[in-house]
1. Would you mention how many residues in segment 236-262 are of a type outside the set (Lys, Arg), more than 15 Å from the chain's Cα centre (by Cα) and either surrounded by 22 or more Cβ atoms within 10 Å (Cβ to Cβ) or assigned to a strand (DSSP E or B) (or both)?
2. Take the conditions surrounded by fewer than 21 Cβ atoms within 10 Å (Cβ to Cβ), within 26 Å of Gly332 (Cα to Cα) and assigned by TED's automatic domain parsing to the domain that holds Glu296 and apply them to Phe415. Does it pass?
3. Kindly provide the set of residues from segment 311-353 that are among the hydroxyl-bearing types (Ser, Thr, Tyr) and surrounded by fewer than 17 Cβ atoms within 10 Å (Cβ to Cβ), ordered by number.
4. Would you please name the residue that is farthest from Glu94 (Cα to Cα), looking only at residues in segment 218-232 that are outside any strand (DSSP E or B), in contact (Cβ under 8 Å) with a residue 60 or more places away in the chain and not aliphatic (A, V, I, L, M)?
5. All but one of (1) within 30 Å of Asn178 (Cα to Cα); (2) assigned to a helix (DSSP H, G or I) hold for Phe403; which doesn't?
6. Just to be sure I understand, how many residues within segment 34-81 are over 17 Å from Ser260 (Cα atoms) and part of a helix (DSSP H, G or I)?
7. Answer yes or no: is there a residue in segment 371-380 that is under 20 Å from Leu454 (Cα atoms) and of a type in the set (D, E, K, R).
8. State which residue is nearest to Leu67 (Cα to Cα) when the search covers only segment 296-315 and only residues that are assigned to a helix (DSSP H, G or I) and small (Gly, Ala, Ser).
Amino acid sequence: MKYIICLIALLSLFPSTKIISQNTTDYNIIGSAYLKNQSYDFLRKLCDEAGGRLVGSENNEKALLILKSELEKIGISSRFEAFNMPGWFRGDDEVEMIQPVKRKFRAMALGFVDSTPPIEAEAVFVKYGLDENYENLNVEGKVVIVTQEAPKEKEPPLRYECIAVASKHGAKAVLFINEKSGNLLIDGVTNFQGNKSLIPAYTITYEEGNWLRRLLGNGLSPKMKIVTRSYCKPISTNNAIVTFPGKVKSKIVIGAHFDSWDLGQGAVDNGHGTAVLFDLCRILKECSPENYYTIECVWFNAEELGLWGSKKYMESHKNDSIIAMINMDMIGSPTGFNAMGFDEFKPFFEKMVKDLNGFNMSDGVSSSPWTNSDHMYFMFEGIPSFTLAGHLEKDMYYYYHDFGDTFDKTNKRVFSDAAAIVTLLVNKLANDRTLKFRIRTKAEMKDILIKHNLDKKLKRQGEWQFGD
C-alpha cells in the first residue's frame, strides 16, 4: 500500500497531460517562429520581384501568384476569391512651377484623381483648407495649396473635405504639403467610396510646399502647370485565402492587407502583415494543424484604395459563422493587445501578457477601437475584432506611403516576434472553448463607436452605418 501512496504522490508533482500538451504546442510555435523564420525571405522575394503592389497593377497580380507559389512550396493550398471594385491607375502626371522659375515638383496624384486637360494657374495658399480659410480669397480657376499641419484647437480636416471645399470655391486643383521634412510624399485616396475626385489633388513635399508659401508671403504669384494622366477604371481583382478546417465551422479570420502604394515596395505597409500571415500559416500547419474552431487566413487586397477587399469579403461571407477577427496592419514586434471595445476579452489578453513574461509586452492590454483598416467592416457587424500594439524602428514607419518603404528597412527579428505571438494568440483563441464569442447587435456596436468618439469621423468620411 505504501508504494501505491508514494506513486500517487510522485505523479501529483507533474502537470496534467493536457497542460503538458498545451505547453509543448506553445514552445513549438515559439521555437518555429524563431528557428525556422520564412517570412523574411518571402517578403524579400515579394518586394524585389514584384515591387509596389497597387491594386489593379501587373505588380499586384504578379505578387499574388508569388504568394500562391510560395505557399504551395511549403505544402499549403490557397485560393483566390475575385471581386469587382472601382479601380485607379497612375499615369505620367506632372506638377511644375513655371513662374517665377521653372521647377518640376516631386509630386504624386492621390487615388481616384482622374485625367483632365492641362491646367495653368496661379497658386493660392489656403492654410488648412477649411471653409473659413477661404474668406477674402479669390481662388476661382486657381491652384490651392493646403498644409497638412494640424490646426490649433480644431479637428484636422480630411483631404476629401479639403478637396470638396476647394471645388466649391472654384479651384482647379489642390496641392497638399506633406508635414514631414526630408523630400517625402504621403500618398492616399481622395475619397473612400471610389468616386472620381472632384478636382485633381496631389501630395507635394514639405520643402517645395514651403517654397511656394514663402513666395506667396513675399508678394509673388507663383504659377503652376499641372498635367494629370492618371485615370479611373473599374477592375476585378482577388483576395487570397488559406483555410484550416476545424472541428466546427465557426471560424476566426486573421487578416492582413496585401496591396500597397506603388511609390516604394510596400515592405512595411503592409509587407510586414503579409509576411507574418505567411509564416503564421506555416507554423499552424507544422504545430497546430487541427483546432476546435476553423481558422481562415485572408490577404485582403485594395485596402489602400478604400478597404475594398475586406468590404467585399464581408459581403460574400455574411452568412458564415465568423466569431472573431485579428487584423495585422504594419505589425511590429508586439508589445500588447487591443480588445477594440470588446471588453469581455480583456482578462483573456491579460493572462496572455502574464504568460509572455519573456517578451516586451510593456503596452499591456487596451480596449480602444480604431478605424480605416480591414477589421473595420467586421467590427461594424459586431464581430469581436482585435489588433496588436507593436514597436517599429523609425526607419520602418517614417517612409509611410512613400518611396522609402522598401525591403532594406525590415528586420528579421520583428517578423519572428510577431509570428510567435500572433500564432500563439490564434492557437489559444481557436481552442479555448470557455471563451464566449458573442456577436454584438447594431445598437450595441453603435454605442461602442460613439463611446470611443468614432462616429463623427466615420460620418465625415461617409462610412457611418448606424443611422443618425
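The values are calculated or read from the model by the stated rules, or taken from the named source; none is laboratory data. For clarity, every value in this text was computed on a predicted model and none was experimentally measured. Cβ sites come from the backbone with ideal geometry, for glycine too, and all protein chains shown count toward neighbours.
1. Residues meeting the conditions: 12.
2. So Phe415 fails the test.
3. If the condition is that a residue be among the hydroxyl-bearing types (Ser, Thr, Tyr) and surrounded by fewer than 17 Cβ atoms within 10 Å (Cβ to Cβ), then Ser316, Ser321 are the ones that fit.
4. Within segment 218-232, the match that is farthest from Glu94 (Cα to Cα) is Ser221.
5. (2)
6. Of the residues in segment 34-81, the ones over 17 Å from Ser260 (Cα atoms) are 34-41, 68-81.
Filter once more, keeping what is part of a helix (DSSP H, G or I): 34-35, 39-41, 68-73.
Qualifying residue count, segment 34-81: 11.
7. Yes, segment 371-380 contains at least one residue that is under 20 Å from Leu454 (Cα atoms) and of a type in the set (D, E, K, R).
8. Here the answer is Gly309.
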